[in-house]
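K.L.:
Sharing a structure, written as structure tokens. Questions coming.
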Amino acid sequence: MTDRTEFLPFAVPDIGHEELEEVRSVLESGWLTTGAKVAAFEQEFAAYVGAKYAVAVNSCTAAMHLALEAIGLQAGDFVLTTPYTFAATAEVIRYFDAAPVFVDVEADTLNIDPLCLAATLADLERCLGGAQPTLPAVKRVMDRPSGQPSRLGRVKAVIPVHMAGHPCDMQAISVLAKAHGIAVIDDAAHACSAQYGGRPIGGDLIGDPTFATCFSFYATKTLTTAEGGMVTTDDEAIASRIRLMSLHGISKDAWKRYTAEGSWYYEITAPGYKYNMPDVLAALGLAQLRKVDAMRLRRDAIARRYDEAFAGVAELETPSTREGIRHAWHLYPLRLPDGSPAISRDDFVEELRSRQIGSSVHFIPLHVHPYYRSTYGYQSADLPVAFREYRREISLPIYSRMTDRDSSGLLTRCSRRLNSSVTGRTMRALDFVVSLVALVMLAPLLLIVAIIVKCSSPGPVLYRAERAGRYGRPFTLYKFRSMVVASPGTGPRITATGDPRITRVGRWLRRTKLDELPQFFNTLKGDMSLVGPRPEDPALVETYSADQRRLLTVKPGITSPATVLNRYEEELLSGPDPETVYRRDVLPTKLRMELEYLDRRTVAGDLRVLAHTVVALFARPTRLGVK
């Protein structure tokens with residue numbers, strides 16, 4: 001299967017005719033801001049999750065901010081949460097000048113670990129009683145290295161995050177919250193349509209009157225309003241406070257003031273915020289809500305397809321799904337071996353991108369970001385599980401508009417990458433051993449050639465050229481100098497037979513290929529492989545097509561099938577403009593051969609290329625066919 005010609009995005013909203021009609025009805029009504037559609041959306045969403053109250057706002061960030069305000073969070077108070085989340089979860093705590101205390105996560109679900117939560121709560125409360133902290137995460141917060149408030153408040157809440165759509169262990173969290181008298185503010189940004197113990201996330205899961213759930217309807221979510229959020233709760237006082245504070249703290253909203261049954265008079269009862277959701281977004285939400293379960297089922301089908309395809313692949317760890325939960329599959333967090341030189345997470349992300357497939361990483365733990373490092377002195381090792389899992393996580397595309405063809409193509413490319421990782425490990429070992437042995441055995445020859453080059457013309461022994469390496473990263477390629485030293489930019493960048501800049505010794509070096517012996521230093525360093533696509537000038541690489549850029553997903557090589565077939569490429573380039581001839585006639589044929597090699601690459605195949613290269617050094621030269 002060839003690589004995609006169009007980019008497969010990481011996420012695409014599932015918008016259809018129903019959404020267009022709902023939005024059209026709002027636009028035609030003449031009422032765009034908060035009004036009847038918002039009220040209908042709140043009512044239908046509350047019924048969907050089984051909550052008594054729902055308040056629509058303009059983001060999940062706003063939802064969490066208002067929920068914390070409703071429970072009376074103050075400066076100096078403490079809120080426990082996970083570092084394995086997006087910025088907003090801890091950011092809203094800082095809005096109050098309160099302190100987030102990060103708790104490590106479970107290795108399988110990436111959710112907040114109840115055992116760590118219990119230990120952190122106990123340690124934090126001992127510190128508030130005057131004892132010294134024993135846990136690094138608590139110590140960082142209590143030390144307050146950058147001028148945090150001197151007043152110590154109390155532990156006020158915990159914010160669990162249902163990572164990727166897998167519900168947290170809410171029963172264990174509830175027991176701890178009740179024992180310590182703290183509120184639970186549920187970050188369900190990923191969890192719309194998820195269930196815990198047979199009940200929807202957002203409803204009454206734990207019987208806690210200070211329990212509120214905050215949803216996100218961002219563009220990548222299963223249910224989207226483009227931007228938007230919702231707070232659900234069974235506590236009437238919390239719901240009323242959130243509704244009041246979501247629109248400037250005024251006693252009547254715009255819908256009540258500007259309709260026939262409204263009144264011009266209003267009162268400001270608290271300094272609130274501008275967090276209300278407009279009707280035009282609620283209209284999207286209403287249409288999305290009617291098909292949210294169908295969209296979740298499609299995500300679930302894609303997740304099972306991934307699970308089956310990756311089952312038994314030692315290099316991959318598929319997401320966990322515990323008993324008693326229903327996963328929302330907002331994300332599909334695949335994990336790779338940590339620190340593997342052959343299949344690193346970052347290389348995997350880059351290679352998928354080069355193959356026209358979007359992916360992402362969720363998340364860079366909050367405690368390693370500059371703000372939390374400088375404010376609280378956090379270190380990576382303070383929360384070791386979160387940091388370890390982040391370093392090996394990659395999120396694959398999963399959304400209801402993905403077709404079977406999309407997922408099949410993605411799986412094919414993942415499998416191809418995994419297969420090539422085995423080849424990569426073997427060839428890297430071969431590269432290192434062969435290069436080291438070659439440099440040792442050829443040391444006398446290298447010395448002799450170096451002396452000859454030095455005596456043949458003034459200048460350095462080695463020629464250093466910038467070339468595009470793996471993923472286009474530049475590296476310095478080494479060769480014995482075969483040309484006179486000229487001013488930078490003098491003459492064409494590509495040489496041809498008869499180029500007056502080539503020295504007499506240089507012609508001999510190029511004919512025997514001895515000028516390329518220093519490239520064993522490149523393979524020893526890891527910049528190049530013994531076998532792989534020949535490295536090109538970065539300026540030429542910029543002209544590659546999307547398909548040709550696949551050549552950048554592997555290390556360049558000293559030799560390749562195209563190199564073997566065309567030892568004397570320079571003879572094809574004679575004329576006043578060798579670069580034009582190379583770009584037009586030679587390079588396309590080379591790249592086609594290199595791509596064919598890449599698609600069939602195996603360890604045995606690379607060994608054959610090495611053998612053919614040795615034979616070709618003593619055989620009659622052949623040339624590439626040129627159109």
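The values are calculated or read from the model by the stated rules, or taken from the named source; none is laboratory data. Everything quoted here is computed from the prediction, not taken from an experiment. So basically every Cβ, Gly included, is an ideal-geometry build from the backbone, and we count neighbours across all protein chains shown.
K.L.:
Would a scan of the stretch 495-518 turn up a residue that is within 38 Å of the chain's Cα centre (by Cα) and under 25 Å from Val564 (Cβ atoms)?
P.N.:
Scanning the stretch 495-518 turns up at least one residue that is within 38 Å of the chain's Cα centre (by Cα) and under 25 Å from Val564 (Cβ atoms).
K.L.:
Please name all residue pairs, on different chains or six or more residues apart, with Cβ atoms under 6 Å, provided the first residue is in the stretch 227-239 and is not assigned by TED's automatic domain parsing to the domain that holds Asn276 and buried (at least 22 other Cβ atoms within 10 Å of the Cβ) and the second residue is outside any helix (DSSP H, G or I) and hydroxyl-bearing (Ser, Thr, Tyr).
P.N.:
Cβ pairs passing all conditions: none.
K.L.:
Same structure again: Can you say whether Leu20 is out of contact with any Cys (no Cβ under 9 Å at 6 or more places or on another chain), surrounded by fewer than 21 Cβ atoms within 10 Å (Cβ to Cβ), among the aliphatic types (A, V, I, L, M) and outside any helix (DSSP H, G or I), as far as the supplied structure shows?
P.N.:
no
K.L.:
Looking at the stretch 114-125, which of its residues are surrounded by fewer than 24 Cβ atoms within 10 Å (Cβ to Cβ) and under 28 Å from the mean Cα position of the chain (by Cα)?
P.N.:
Across the stretch 114-125, the qualifying residues are Pro114, Cys116.
K.L.:
Restricting attention to the stretch 86-110, which residues are buried (at least 24 other Cβ atoms within 10 Å of the Cβ) and polar (S, T, N, Q)?
P.N.:
Thr89 - this is the single residue of the stretch 86-110 that is buried (at least 24 other Cβ atoms within 10 Å of the Cβ) and polar (S, T, N, Q).
K.L.:
Just the residues that are closer than 13 Å to Leu430 by Cβ and in a helix (DSSP H, G or I), please, taken from the stretch 575-607.
P.N.:
Across the stretch 575-607, the qualifying residues are Val603, Ala604, Gly605, Asp606, Leu607.
K.L.:
Before we move on, is Arg298 touching a helix residue (DSSP H, G or I) at 6+ places or on another chain (Cβ under 8 Å), surrounded by fewer than 20 Cβ atoms within 10 Å (Cβ to Cβ), farther than 26 Å from Ile364 by Cβ and not assigned by TED's automatic domain parsing to the domain that holds Cys168?
P.N.:
No; evaluated as a whole, the condition is false for this residue.
K.L.:
Let me ask another. Only residues that are closer than 16 Å to Ala429 by Cα and modelled with pLDDT of 85 or more: list them for the stretch 528-559, please.
P.N.:
Met528, Ser529, Leu530, Val531, Gly532, Lys555, Pro556, Gly557, Ile558
K.L.:
Here's something else I'd like to know. In this structure, is Ala226 within 30 Å of the chain's Cα centre (by Cα), over 24 Å from Ala67 (Cβ atoms) and modelled with pLDDT of 95 or more?
P.N.:
no
K.L.:
In contact (Cβ under 8 Å) with a residue 12 or more places away in the chain and surrounded by fewer than 14 Cβ atoms within 10 Å (Cβ to Cβ), is that true of Gly498?
P.N.:
Criteria met by Gly498.
K.L.:
Only one of Val38, Val55, Val79 is within 30 Å of Met142 (Cα to Cα) and either surrounded by 24 or more Cβ atoms within 10 Å (Cβ to Cβ) or in contact with a strand residue (DSSP E or B) (Cβ under 7 Å, 6 or more places away or on another chain) (or both). Can you tell me which?
P.N.:
Val79
K.L.:
Sticking with this one: Ile364 passes all but one of (1) at pLDDT 95 or above; (2) surrounded by fewer than 21 Cβ atoms within 10 Å (Cβ to Cβ); (3) farther than 26 Å from Tyr218 by Cα; which number fails?
P.N.:
Unmet for Ile364, out of (1) at pLDDT 95 or above; (2) surrounded by fewer than 21 Cβ atoms within 10 Å (Cβ to Cβ); (3) farther than 26 Å from Tyr218 by Cα: (3).
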